[in-house]
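Some notes on the structure that comes next.
The values are calculated or read from the model by the stated rules, or taken from the named source; none is laboratory data. Everything numeric in this text was worked out from a predicted model, so none of it was measured. No Cβ is skipped: glycine too gets one built from the backbone with ideal geometry, and neighbour counts run over all protein chains shown. Surface areas here come from the heavy atoms of the whole protein model, side chains and all, with no ligands, DNA or RNA. Shrake-Rupley method; radii C 1.70, N 1.55, O 1.52, S 1.80 Å.
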Amino acid sequence: MLLASLVFLIISSIQAPTFSTWLLCGLGKAHIVLLLVSKRLSPEWRWALTGILLTIELTLLCSYIMPTSWVGHDEWEWLYETLSHGHFTIYDRPPLLMLALEVLLLVHTFNSRFVRLASPMVLTMALSMMGAQLWLQLQTSSGPSESISLWMAAGLMLLALYQTRPWLAADHPGATRLATVLALGLSSTFMLSALGYWHFQNVQTQYRLERTARQISDNVLEHVSQSLENHHRAMSHLTSAWSMLERPPSQDQWDSLAVNFNDDFGYQALLAFVSPSGVITRVATRGIPPRTGLPFNQLMHPLSGNAPLSPGADGYTDVIDLKGMGPGVMFYLPSRDGRGVIFGATLSVIALAPLLSTLTTLLGEEHVVLNAYEHGRQIYRLGPAETPAEASYCNVLSLGQEGITLCTTPTRQRLAREYSSMPDIVLVVGLIFSLMMFVLFQLNRRLNAQHMMERDARDALEQEAEQRRELQQAIEWMAHHDDLTGLANRRHFMNLAGTWREDAGITLLMIDLDHFKAINDTLGHQQGDHVLAEVARALKLAIDVHNGLIARYGGEEFMALVPGIDPSSLTDLATSLREAVSGTGLIHPATERPITVSIGMATGTAGALNGLIQRADTALYQAKRAGRNRAVLSPPSG
């Protein structure tokens, strides 16, 4: 594909009618050659070659967008001609859109993160500018060759680049691709707005230049027509003077009037008086040897290509060649006496070069070239030594038999000075801004995706940490509590009791569920577990009232520790515990009565906890032997 692109670019550059197109195709060929050999070159050589191409293209681009207050048109023209040794001028630079396209495609060859992010927008901008330039060329070019070559150069460069670097968004998921398309839409809208503004301003400038050029052309025609009208009016007055004499002028009369008349009009090559027989009797010339006694149709040679002149009526010739003075036109007006008899005619020869040279100052100030045409043949050119532009504005001057076409052509220097760089600056800034907008959209999307991934990872980590904390708490709880009743186990109970002050007064209670084995044997272990859980809940509620501790001691036995209980209140404490158990509504299957408990109690200090346990356990044994469903207080230790 790259080889085919290279071949077609060579063909297009050969067929290119302008140097600007040849230069553009040359840059395109260098670009594709760089792509072809880039894999064989070291990074240093690749960067060097790319930098050279980029420097050339950016220099050309800067000549469009650099404010004239910084670098004027004359400075750019000098730089172009100096660097190219006179072979390349500023007017030969490629179109702005094609230069911007080439710069974009060349930058796109760099392998960087920015280029990878901007890749879809770069290709979109390249396609848009290629289409816009093709449309402009089809609208303005006189033939299709330039449009085809420009389109081929841009299109093949784009195709070659597209083959070497696939669209990066193509292998992303649908949601990401949709976000890229939306970003492209927003950025492309701004880019197209910049293109539209640029084109609108150029069209307005073109209309303004056309109006100015048309006005200059009309002013040229008006100036020349006014000069001819003044000459014809003066010639009519001179002819009337001879008619008032009713005879041909004497030499003194001729000298007093005709010579001054000839001096007043510098573009008049000859003024003569002709007898009715057609012989020149008086003559005043400028640049032509004065000769009298000759037929006036032999004075200007050759006149064989013009109709014979009759001295009996007003007349004029077609454009003739004045020896040594270039092209000109001959006029003649008859003189009549009082009876209407023609006694001669006044003849005037106007040289076009002196006539049109009166416009030198005007054309120089306006930087306009004037060309005069007769029957499509150029007969005269006047203007500053500057390169004319392509557009000409023509008017027909009524001079001679067929008239003369006067065409004014603004010079390229005038057009360059008239054009403002602001639309080009706005376009380039708009392209850069739209590209940066797309990159920012892409960066924002990727940052948002990265932030979402980080947030999800953080949430997952926090959730995992919370689960671990809950698991740790559950493990710790299971290590310190009985799983069935939810009460503290024996070890945890002992640890909590060890935190109390050793001299603090406490009461230790050993609680046993009466005849629990019969419940398991009759109702089953599952129902027995339910009974244990309900009894444990009731006992805990009662102990919590006194800010005490309760734990499952083992099997159907519970152990409680209550701080600061007066021995006289122990009976009320035991009664509240027994009532709490009977209040559960649980019925013993053997007695068909509420379930009961036996309690053994012992009082003392926290420092003698082991002794209190032993004494409370003895008291519990005594309560069971005494018939159960009762509480027994262990006597104080001796």
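Suppose we keep only residues that are among the hydroxyl-bearing types (Ser, Thr, Tyr) and touching a residue at least 60 places away in the same chain (Cβ under 8 Å) within the stretch 61-71. Which one would you say is least open to solvent (accessible area, probe 1.4 Å)?
Step by step, filter the stretch 61-71, then rank; the result is TYR64.
If you check GLN401 against the conditions, is it at pLDDT below 90 and open to solvent by 50 Å² or more (accessible area, probe 1.4 Å)?
Taking the combined requirement at face value, the residue satisfies it.
Have a look at ARG469, ARG412, ARG455, ARG446 and point out the one that is surrounded by 13 or more Cβ atoms within 10 Å (Cβ to Cβ), of a type in the set (D, E, K, R) and farther than 22 Å from MET191 by Cβ.
It is ARG412.
Looking at ALA457 and the list (1) free of Cβ contacts under 8 Å to residues at least 24 places away in the same chain; (2) in contact with a Ser or Thr (Cβ under 9 Å, 6 or more places away or on another chain), which single condition is not satisfied?
Here ALA457 meets the rest and fails (2).
Which members of the stretch 385-402 meet the condition of being assigned to a loop (DSSP other than H, G, I, E, B), within 42 Å of the chain's Cα centre (by Cα) and within 14 Å of VAL220 (Cβ to Cβ)?
SER392
In the stretch 609-633, what residues are outside any strand (DSSP E or B), aliphatic (A, V, I, L, M) and open to solvent by less than 50 Å² (accessible area, probe 1.4 Å)?
Within the stretch 609-633, LEU609, LEU612, ILE613, ALA616, ALA619, LEU620, ALA623 meet the criteria.
Taking the options ALA241, ALA213, name whichever one is in a helix (DSSP H, G or I) and in contact with a strand residue (DSSP E or B) (Cβ under 6 Å, 6 or more places away or on another chain).
ALA213
Is it the case that the stretch 542-562 has a residue that's open to solvent by less than 10 Å² (accessible area, probe 1.4 Å), in contact with a Phe, Trp or Tyr (Cβ under 7 Å, 6 or more places away or on another chain) and of a type outside the set (Ser, Thr, Tyr)?
Yes; the residues of the stretch 542-562 include at least one that is open to solvent by less than 10 Å² (accessible area, probe 1.4 Å), in contact with a Phe, Trp or Tyr (Cβ under 7 Å, 6 or more places away or on another chain) and of a type outside the set (Ser, Thr, Tyr).
Consider the stretch 504-526. How many of its residues are over 16 Å from ASN489 (Cα atoms) and either surrounded by 14 or more Cβ atoms within 10 Å (Cβ to Cβ) or of a type in the set (Phe, Trp, Tyr) (or both)?
The qualifying residues number 11.
Kindly evaluate ASP482 against the criterion of being acidic (Asp, Glu), touching a residue at least 12 places away in the same chain (Cβ under 8 Å) and not assigned by TED's automatic domain parsing to the domain that holds LEU541.
For ASP482, the condition - acidic (Asp, Glu), touching a residue at least 12 places away in the same chain (Cβ under 8 Å) and not assigned by TED's automatic domain parsing to the domain that holds LEU541 - is met.
Residue-wise test of (1) touching a residue at least 40 places away in the same chain (Cβ under 8 Å); (2) of a type in the set (A, V, I, L, M).
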site	(1), (2)
LEU370	yes, yes
TYR380	yes, no
GLU402	yes, no
THR405	no, no
PRO410	yes, no
ILE425	yes, yes
PHE438	yes, no
HIS451	no, no
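Being within 30 Å of ASN260 (Cβ to Cβ) and in contact with a Leu (Cβ under 9 Å, 6 or more places away or on another chain) is the filter here; which residues of the stretch 196-230 pass it?
ASN219, VAL220, LEU221, HIS223, VAL224, SER225, SER227, LEU228
Within the bounds of the stretch 72-87, is there any residue that is within 20 Å of MET130 (Cα to Cα) and open to solvent by 30 Å² or more (accessible area, probe 1.4 Å)?
No, the stretch 72-87 contains no residue that is within 20 Å of MET130 (Cα to Cα) and open to solvent by 30 Å² or more (accessible area, probe 1.4 Å).
For the stretch 589-604, state whether one or more residues are touching a residue at least 40 places away in the same chain (Cβ under 8 Å) and part of a helix (DSSP H, G or I).
Within the stretch 589-604, none of the residues are touching a residue at least 40 places away in the same chain (Cβ under 8 Å) and part of a helix (DSSP H, G or I).
Out of the stretch 579-600, which residues are open to solvent by less than 30 Å² (accessible area, probe 1.4 Å) and in contact with a Pro (Cβ under 9 Å, 6 or more places away or on another chain)?
Selection gives VAL581, LEU586, HIS588.
Can you confirm whether the stretch 367-375 contains a residue that is small (Gly, Ala, Ser) and part of a strand (DSSP E or B)?
Yes; the residues of the stretch 367-375 include at least one that is small (Gly, Ala, Ser) and part of a strand (DSSP E or B).
Got a number for residues in the stretch 556-566 being touching a residue at least 24 places away in the same chain (Cβ under 8 Å) and part of a loop (DSSP other than H, G, I, E, B)?
Residues meeting the conditions: 3.
Mind checking whether some residue in the stretch 573-588 is among the charged types (D, E, K, R) and more than 22 Å from THR485 (Cα to Cα)?
Looking through the stretch 573-588, none of the residues is among the charged types (D, E, K, R) and more than 22 Å from THR485 (Cα to Cα).
So if I check each of SER310, SER243, SER227, which one is under 24 Å from LEU352 (Cα atoms) and at pLDDT 65 or above?
Exactly one residue qualifies, and that residue is SER227.
Return yes or no: is VAL224 β-branched (Val, Ile, Thr) and more than 52 Å from the chain's Cα centre (by Cα)?
For VAL224, the condition - β-branched (Val, Ile, Thr) and more than 52 Å from the chain's Cα centre (by Cα) - is met.
List the pairs whose first member sits in the stretch 614-629 and is aromatic (Phe, Trp, Tyr), whose second member is assigned to a helix (DSSP H, G or I) and modelled with pLDDT of 90 or more, and whose Cβ atoms are under 7 Å apart, counting only residues at least 6 apart or on separate chains?
Filtered contacts from the stretch 614-629: no entries.
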